[in-house]
2 protein chains.
Amino acid sequence: MSRLVVTYRVRAPSRDVAAVAETLALEQSVEVAASVVRDDFVRDEVMGRVVGIARVDEGLHDVRIALASVTTGHEVAQTLNMLFGNSSLHEHVELADVEFPDDFVARFPGPRFGIAGLRERLDAHARPLTCAALKPQGLPADRLAALCRDLVLGGVDVVKDDHGLADQAYAPFAQRVAACQRALAQASRETGRPALYAPSLVGSPAQLAGFARVAREEGVGMLLVAPALVGFAAFHELVTSVDVPVLAHPAYAGAARVAPPLLLGKLFRWLGADAVIYPNYGGRFAYTRATCEAIAHEARRTDGAWKPMLPVPAGGLAVERVAELRGVYGDDIMLLIGGSLLMAADDLVARARTFTQAAHAAAAS
Amino acid sequence: MSRLVVTYRVRAPSRDVAAVAETLALEQSVEVAASVVRDDFVRDEVMGRVVGIARVDEGLHDVRIALASVTTGHEVAQTLNMLFGNSSLHEHVELADVEFPDDFVARFPGPRFGIAGLRERLDAHARPLTCAALKPQGLPADRLAALCRDLVLGGVDVVKDDHGLADQAYAPFAQRVAACQRALAQASRETGRPALYAPSLVGSPAQLAGFARVAREEGVGMLLVAPALVGFAAFHELVTSVDVPVLAHPAYAGAARVAPPLLLGKLFRWLGADAVIYPNYGGRFAYTRATCEAIAHEARRTDGAWKPMLPVPAGGLAVERVAELRGVYGDDIMLLIGGSLLMAADDLVARARTFTQAAHAAAAS
């Protein structure tokens, strides 16, 4: 059976790492305790499996986990989900590497042009290619086009937009791309050497499709897109729909350190989420109570124009904590119990009733 | 003029923080040195502006920067770009908060239902709402539907898919959603109480649209989507196209610690990027030379089925470093010079020529 072999770098002492690794394998696959998995197919073909633990340093280990390919559906967003969906929220885990199995590689063709294709298009062999950026943003399209012309006259192979250029009022995408591509083509004719202009595409999936159409109509030879900014799956969908090389930009790819109250509380609400799940304190994740309260606070603020968003504290919640959480958050929450409710699958209705009664009772207290 | 006021938590000693803040304001707006900005409009209306610095702790400061709304185009992906595009790659910077101006709030309506709308739909007032998850993945649709039924009979308000459920072979989306929604509706009729089923939508933008259509046809009352997984802009586009409440999941939202060689080298290549820009060592970002070499190594591996992807080291590269970089990376790279080329805008052609000649000469050496 096909599996992705994923390496996680885990901060844990040697005596604990085996248990931590097992927990990680469950979190990134079935997301329940092993005891809840009573189905043979799920246990043998779906559940993640620890295949190696190697000590890197004092308290630091590389844990290798084999995840079943079938869980990814061979789709980009879901693959990210299986690689690092929940464990990205664990302070002690870093996603370090992944080995894709053959069926995966067959399904994703990778770069369509790559190094050889780019060299071919630029007729530039056995030397480094050169690239320069059009900036600063705020300049109108004709000024950017003039810069583009100068750079090509100077011999630059690829002229890219600054990644900050999107579809702003001062240099709208269609206008900028037309002007810059024409300037590039003209300068390239003058030097007698090929050059490529790579406009920056930033926007929603529908906008990206529209921008790609404009670029194609203008004869643009390359595109600049930041996968972490537009979303990995949207990036991949775009790549497979265009017939020119794509230059990836790392913008937002380090989005390491967005404060959780901002990301989960304020920004997800900005986007229109009506309710937001977040890792509750005292559960499987390391968020502090203060962080959780701050997320809930952002979600439910009433001092602005947006409707309050419902906080959904989750992650290892058990029935016994219902009253406590009501004390902390009040009643404008949704209590989410996952695995612990399924522990006693034979009596699920009864356990669910205990849970919901605790929630209802809490309101009365 | 409308501006977003963004708070960054910056690790820097008191004596340096003013300069670090100015650099940050430039990085997140015009992305060139202030001396390169010679245009009045750009300087006054586009360039980021430091509006406050507050000491939090020894070597830790909150830096408030006003970013022009016009740079965002009032679009989601570009807003992320302006908030934290490049600075997400800076080890010393954390995105802590943002205050949206009125024009921004007017353009983004936020949650369409929110807490009150959810309570209304569930006819559940003045008590915590309850939620439980269908899992583990690997179970067929009818087994998940049976769990769904039991949970509703037990009084649960919202039954959500495990966020790991996507469109896998063992419980395809359409089949699972039909079965679970029917089970929920039947159980809800039996208890006489409303309940909502929130299936998990994970996939590319086109797939998300298809899943939403299926959910609507089945009469599903809520959706579960992870913005960080599907992409913020794709999430927002989906939210504005459906007429049921949306529950946000934090999967991948902590994607703090993806190793750069994996993220930028291997994963971006997997998605089909032909070339990848990354922060070079010794520039504006803190990546080590070893990290950069590892990114280039992953990008150019020839031991697999994928075409080599072109490494594009960038971020503060100057002409003087061309020979050095060729020594480190060899010639299968693209050298990207941005701001430093524009320093002498009057003589851009000549400076560009110096740059490209250095690259060409390096090849001959």
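The values are calculated or read from the model by the stated rules, or taken from the named source; none is laboratory data. Since the model is a prediction, treat every value here as computed from it, not as a measurement. Positions of Cβ are backbone-derived with ideal geometry, glycine not excepted, and every protein chain shown enters the neighbour counts. Please note that ligands, DNA and RNA were not included when accessible areas were found on the heavy atoms of the full protein model with its side chains. Shrake-Rupley method; radii C 1.70, N 1.55, O 1.52, S 1.80 Å.
Could you say which residue among B:Ala286, B:Ala352, B:Ala345 is modelled with pLDDT under 75, open to solvent by less than 50 Å² (accessible area, probe 1.4 Å) and farther than 15 Å from A:Gly114 by Cα? Selected residue: B:Ala345, the only one of B:Ala286, B:Ala352, B:Ala345 that is modelled with pLDDT under 75, open to solvent by less than 50 Å² (accessible area, probe 1.4 Å) and farther than 15 Å from A:Gly114 by Cα.
In region A:296-310, the residues that are more than 7 Å from every other protein chain (Cβ to nearest Cβ) form Cβ pairs under 7 Å with partners that are among the aromatic types (Phe, Trp, Tyr), at six or more places apart or across chains, as follows: A:Ala296/A:Tyr329.
When A:Asp167, A:Asp142, A:Asp161 are checked against the criterion of being open to solvent by less than 10 Å² (accessible area, probe 1.4 Å) and of a type in the set (Asp, Glu), A:Asp161 stands alone in meeting it.
Here A:Gly48, A:Gly73, A:Gly85 are screened, and the one residue that is of a type outside the set (Phe, Trp, Tyr), within 25 Å of B:Phe268 (Cβ to Cβ) and without any contact (Cβ under 8 Å) to a residue 12 or more places away in the chain is A:Gly73. Sub-9 Å Cβ pairs linking a first residue in region A:110-133 that is over 25 Å from B:Thr354 (Cα atoms) to a second residue that is open to solvent by 70 Å² or more (accessible area, probe 1.4 Å) and among the β-branched types (Val, Ile, Thr), at least 6 apart or interchain, are A:Arg112/A:Thr240, ordered by first then second residue. Taken over region A:11-34, the residue count meeting the criterion of being closer than 16 Å to A:Ala66 by Cβ, open to solvent by less than 60 Å² (accessible area, probe 1.4 Å) and under 24 Å from the mean Cα position of the chain (by Cα) is 8.
Under 30 Å from B:Val20 (Cα atoms), open to solvent by 10 Å² or more (accessible area, probe 1.4 Å), acidic (Asp, Glu) and more than 7 Å from chain A (Cβ to nearest Cβ): does that describe B:Asp103? Yes, satisfied. Counting the residues of region A:289-318 that are more than 23 Å from B:Gly117 (Cβ to Cβ), open to solvent by 20 Å² or more (accessible area, probe 1.4 Å) and modelled with pLDDT under 85 gives 2.
Scanning region B:154-173 for residues that are modelled with pLDDT of 90 or more and over 28 Å from the mean Cα position of the chain (by Cα) yields B:Ala169, B:Tyr170, B:Ala171.
Here's the yes/no breakdown for (1) closer than 25 Å to A:Leu83 by Cα; (2) of a type in the set (Asp, Glu); (3) more than 7 Å from every other protein chain (Cβ to nearest Cβ):
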| site | (1), (2), (3) |
| --- | --- |
| B:Leu129 | no, no, no |
| B:Leu134 | yes, no, yes |
| B:Gly138 | yes, no, no |
| B:Leu151 | no, no, no |
| B:Asp162 | yes, yes, no |
| B:Cys180 | no, no, yes |
| B:Gln186 | no, no, yes |
| B:Arg189 | no, no, yes |
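Which residues, taken from region B:88-99, are more than 7 Å from chain A (Cβ to nearest Cβ) and either modelled with pLDDT under 80 or assigned to a loop (DSSP other than H, G, I, E, B) (or both)? Within region B:88-99, B:His90, B:Glu91, B:His92 meet the criteria.
Restricting A:Val63, A:Val56 to residues that are open to solvent by 10 Å² or more (accessible area, probe 1.4 Å), outside any helix (DSSP H, G or I) and farther than 20 Å from A:Gly338 by Cα narrows the list to A:Val56. Residues in region A:164-176 that are facing chain B (nearest Cβ under 8 Å) and touching a residue at least 24 places away in the same chain (Cβ under 8 Å): A:Gly164, A:Ala166, A:Asp167, A:Gln168, A:Tyr170. Is it the case that B:Val37 is modelled with pLDDT under 90 and either farther than 27 Å from B:Val105 by Cα or open to solvent by less than 40 Å² (accessible area, probe 1.4 Å) (or both)? Against the criterion (modelled with pLDDT under 90 and either farther than 27 Å from B:Val105 by Cα or open to solvent by less than 40 Å² (accessible area, probe 1.4 Å) (or both)), B:Val37 qualifies.
Going by the conditions given, is B:Arg193 over 23 Å from A:Gly315 (Cα atoms), modelled with pLDDT of 95 or more and more than 7 Å from chain A (Cβ to nearest Cβ)? When the stated conditions are applied, B:Arg193 does not pass them. Screening region B:274-290 for residues that are in contact with a strand residue (DSSP E or B) (Cβ under 9 Å, 6 or more places away or on another chain) and more than 9 Å from chain A (Cβ to nearest Cβ) and picking the one that is nearest to A:His125 (Cα to Cα) gives B:Asn280.
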